[in-house]
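Accompanying notes for the structure given below.
The values are calculated or read from the model by the stated rules, or taken from the named source; none is laboratory data. This structure is a prediction, so every number in the text was calculated from the model and none was measured. Virtual Cβ from ideal backbone geometry, glycine too; neighbours counted across all protein chains shown.
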Amino acid sequence: MNQLPEFLRDRRAKVKPGEVGLPEGQRRRTPGLRRQEVAHLAGMSVDYYIRLEQGRGPRPSKQVLNALARALMLTQDERTHLFRLAGQPLEPARRRADVPPGMLHLIAFLEDVPAYVMDAAYNLVAWNPLASALMGSLETRAPHDLNVIRWCFTASDLADHLNDEEKGAFARASVADLRVAAGRYPDDPDIQALVAEMLGCSVEFALLWAQHEVRVRREQRKRISHPTVGVIDVICQVMFVPDRDDLRLVLYTAEPGSASHHALRTLRQLTLT
């Protein structure tokens, strides 16, 4: 529960009084809600809530956590994260190293769509030829160099990347999604090592991590500059592998008939030569 107090304090500071029907007032010394206000909204004593924020007292029940989620206006992803931080998942989550054979067959059959499988630590664990051609000869890279978070936050043009609205949104969403994974798999060595590495080498990652954003990655738009076929605008579709919450299938699709669609088809032809 060591992350629970920090998460509660962060979320309390981000809720505006007016959003929960409280007067804004002119003499507030802290941003967001006061502890007393959260306790009132959640139907609990102020002393009990203070102990939660200080990491003291017993583990909160599911009823208490539901009340806090409502009071702090948490999204579904944030509510799930809250339960995990409080030690309330039904059973400990564990990642597996294997990729289901059916998923390997699927991405192989998607010849005209860049497709890859990514684990909860943002490592690419399987891909088709078009994904490799688009992202730069994945099969020749060492395992350490097959991590999307590492690509993003160790890039030489990171500042420009984050200042770009679309690319910056992708980076922020990835960090928020990684925090979900860190809460779901608190003892996973790969995830913990990645977070520690990024906190140590990237100020930008550390700033985003400190915001405690929690959001599962879903569909996003992305622009890729390829050295051979030029700029490609794609929709990055992220889907959980059935019965495997630790794996995501990622597809890059382009609008049919668009210049980006033709660029992907050209790239596909180049993989056959």
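One line per residue, one yes/no per condition, for (1) surrounded by 15 or more Cβ atoms within 10 Å (Cβ to Cβ); (2) touching a strand residue (DSSP E or B) at 6+ places or on another chain (Cβ under 8 Å); (3) modelled with pLDDT of 90 or more:
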site: M198; (1), (2), (3): yes, no, yes
site: R223; (1), (2), (3): no, yes, no
site: H226; (1), (2), (3): yes, yes, yes
site: D233; (1), (2), (3): yes, yes, yes
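Taking helices (runs of 4 or more DSSP H) as the structural unit, those lying wholly within the stretch 41-123 and holding at least 3 residues that are at pLDDT below 90 and outside the structural domain of Y185 (by TED's automatic domain parsing) correspond to 62-71, 76-85. Evaluating Y49 against the criteria (1) within 25 Å of G230 (Cα to Cα); (2) in contact with a helix residue (DSSP H, G or I) (Cβ under 7 Å, 6 or more places away or on another chain); (3) surrounded by 13 or more Cβ atoms within 10 Å (Cβ to Cβ) leaves one unmet condition, (1).
Kindly check whether there is at least one residue in the stretch 25-47 that is at positive phi and in contact (Cβ under 8 Å) with a residue 24 or more places away in the chain. Scanning the stretch 25-47 turns up at least one residue that is at positive phi and in contact (Cβ under 8 Å) with a residue 24 or more places away in the chain. Of the candidates A259, A173, A210, the single residue that is surrounded by 15 or more Cβ atoms within 10 Å (Cβ to Cβ) and either among the charged types (D, E, K, R) or modelled with pLDDT of 90 or more (or both) is A173. For the stretch 1-38, the set of residues classified as more than 27 Å from the chain's Cα centre (by Cα) and either outside the structural domain of M73 (by TED's automatic domain parsing) or in a loop (DSSP other than H, G, I, E, B) (or both) consists of G21, L22, P23, E24, G25, Q26, R27, R28, R29, T30, R34, listed by residue number. Selection of first residues in the stretch 111-122 that are farther than 12 Å from V148 by Cα and of second residues that are of a type in the set (G, A, S), restricted to Cβ pairs under 6 Å at least 6 apart or on distinct chains, gives the following pairs, ordered by first then second residue: P114/A131; A115/A131.
Listed by position, the strands (runs of 3 or more DSSP E) contained in the stretch 149-255 that have at least 3 residues being touching a Ser or Thr at 6+ places or on another chain (Cβ under 6 Å) and in the same structural domain as M135 (by TED's automatic domain parsing) are 230-241.
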